[in-house]
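Presented below is the structure to which this report refers.
The values are calculated or read from the model by the stated rules, or taken from the named source; none is laboratory data. This is a predicted model, so every value here is computed, not measured. Neighbour counts are summed over all protein chains in view; Cβ atoms, including those assigned to glycine, are modelled from backbone coordinates with ideal geometry. Ligands, DNA and RNA are stripped out before the accessible areas are found, and what is left, the full protein with its side chains, is counted by its heavy atoms. Shrake-Rupley method; radii C 1.70, N 1.55, O 1.52, S 1.80 Å.
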Amino acid sequence: MGYYDQDSENRYKEKQKGNKGGIFLASLVGVILGAILILVALPKLADVGVLPYNIQPDEQLSQTDKAFHGKQENVSLNVTTDVTKAVKKASPAVVGITNLQTTDFWSQEDQPASTGSGVIYKKEGGKAYIVTNNHVVEGADQLEVTLTDGSKEKAKLRGADPFTDLAVVEIDGSKVKQVAEFGNSDALKPGEPVMAIGNPLGEQFASSVTQGIISGLERTIPVDVNKDGQPDWQAQVLQTDAAINPGNSGGALVNIDGQVVGINSMKIAQTAVEGIGLSIPINYAKPIISDLEKYGKLKRPAMGVGLRDVSEIPAYHQQETLKLPKDVKDGVVVVKVYPNTPADQAGLKELDVITELDGKPVKNILELRKYLYDHKKIGDQMKVTYYRGGKKEETTIKLTGESQL
């Protein structure tokens, strides 16, 4: 086993030499018979499902061949999904907004300074009302709205609020056919699909749609309202990975039912960051939109004071001027009390240092403003804890709607 005898192999070849012709003839007959059997058996096997494929008759083969090699016919597909339905429902209410400003002193002609988007949310009394971002309309000498049909309408600013970055503009409503439906942003869930609709880079990409998901809820982003490099507010926003680009600001963030759940506001534009877009939740925006439409400004409670952070005061003046205890490092210094305001009536004075509101610590102006605007209403009472000359004191303020903080 395992060895080969070369002599016996040669002998085997010599013995076969004389029968070569007979073996060839027998092989040929076998091949022919096998081919006939296959031709007869294949259709039967295909009919009973034994083969993993179908055998087409000549007519079907010729038709298939024509489809590939003959005259081609165009095929039209009607693709309808929940996304396309949502976009079709919401898109007509999303418009473009152009901020026109006078840049040439001699000609006094208004030139486009920036572009953004807006959402038509109401049509009443022959007028249509559009919500957008404050930074879209800020500094405008004239506003122009471009509807989805391409027509342009002169717009009037009804009101704006830099802290929430919301604004309301008004146009003639005769050409407006559809208004947006607001959804419930409180019901959103992380991972829920959303679409951003707007006009990135202006009219060139009007009515653009990008799709993504809700990436995060109840995000807070610091906002520098007065451009002094210090945050004046903490904006409450939704996070989405739907692409939001310049020009999308003020546009709609739409859920799968075609309802507006957010007003697109900004994106985090850093080299190492991708896919972080921010949108103002519509439930947060609705009362603000109402105030801006009716009053031209957001009616907020006010104390009637001018303030400065304790952290900005040199340590020497914290001890010698304000007389603060050494363990008090945070708070808000009253630098001005306006006459006949709640603070004046409650007895607050310059150089008082506010450390608590209703028993809740406030470390700086941002926290004071956030508590006042988010937790209090005009007419509410608020307990103020403060230090005067090193002594801890309390007073109660009845809030009004004055313009001063």
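Things to note:
- The number of residues in region 354-405 being closer than 27 Å to G229 by Cα, open to solvent by 40 Å² or more (accessible area, probe 1.4 Å) and assigned to a loop (DSSP other than H, G, I, E, B) comes to 5.
- Among (1) farther than 18 Å from D374 by Cβ; (2) of a type outside the set (A, V, I, L, M); (3) in a strand (DSSP E or B); (4) without any contact (Cβ under 8 Å) to a residue 40 or more places away in the chain, the one test that S215 misses: (4)
- Residue in region 342-349 that is at pLDDT 95 or above, in a loop (DSSP other than H, G, I, E, B) and open to solvent by 50 Å² or more (accessible area, probe 1.4 Å) present: yes
- Filter result (under 15 Å from V168 (Cα atoms) and in a helix (DSSP H, G or I)) within region 289-310: I289, S290, D291, L292, E293, K294, Y295
- Residue list for region 311-341, restricted to those being assigned to a loop (DSSP other than H, G, I, E, B), polar (S, T, N, Q) and in contact (Cβ under 8 Å) with a residue 40 or more places away in the chain: T341
So that you can scan it fast, the table gives a plain yes or no per residue for (1) among the acidic types (D, E); (2) under 40 Å from the mean Cα position of the chain (by Cα); (3) closer than 26 Å to P162 by Cβ:
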site	(1), (2), (3)
G251	no, yes, yes
P281	no, yes, yes
V310	no, yes, yes
E320	yes, no, no
P342	no, yes, yes
A346	no, no, no
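- Test: residue in region 363-375 that is among the acidic types (D, E), modelled with pLDDT of 95 or more and more than 19 Å from D327 (Cβ to Cβ): no
Yes/no matrix, rows are residues, columns are (1) modelled with pLDDT of 95 or more; (2) open to solvent by less than 20 Å² (accessible area, probe 1.4 Å):
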residue: G159; (1), (2): yes, yes
residue: G198; (1), (2): no, yes
residue: E203; (1), (2): no, no
residue: L217; (1), (2): no, no
residue: P222; (1), (2): no, no
residue: N226; (1), (2): no, no
residue: L253; (1), (2): yes, yes
